[in-house]
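Below: one structure, written as structure tokens.
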């Protein structure tokens with residue numbers, strides 16, 4: 001398989017989704033609550049230039065499982 005930026009992004013997205021799914025499966029277990037506690041990160045750029053007005057809202061909820069999934073995706077990318 002050819003290594004390029006698109007392949008890296010695909011591996012990171014798959015790792016992130018896998019981490020989120022594992023985090024949701026572990027949410028009912030009280031002993032593992034430190035893995036599933038989410039921290040929201042928001043970014044709200046806005047501009048009103050009299051001709052064009054835009055608003056953009058980006059919300060990312062990260063937890064330890066999703067970060068571990070990202071790391072796992074990156075490590076798998078380096079293995080190929």
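The values are calculated or read from the model by the stated rules, or taken from the named source; none is laboratory data. Quick caveat: nothing in here was measured; it's all calculated off a predicted structure. Because the Cβ atoms are built from the backbone with ideal geometry, glycine has one as well, and the counts that use them run over all protein chains shown.
Assorted remarks:
- Residues that are touching a residue at least 40 places away in the same chain (Cβ under 8 Å) and loosely packed, with under 10 Cβ neighbours inside 10 Å, drawn from region 1-48: 1
- Candidate set from region 1-26 (those that are in contact with a helix residue (DSSP H, G or I) (Cβ under 8 Å, 6 or more places away or on another chain) and at pLDDT below 85); member that is farthest from residue 71 (Cα to Cα): 1
- For region 36-78, the strands (runs of 3 or more DSSP E) that sit wholly inside it and include 1 or more residues that are over 16 Å from the mean Cα position of the chain (by Cα) and over 18 Å from residue 19 (Cα atoms) are 46-48, 53-55.
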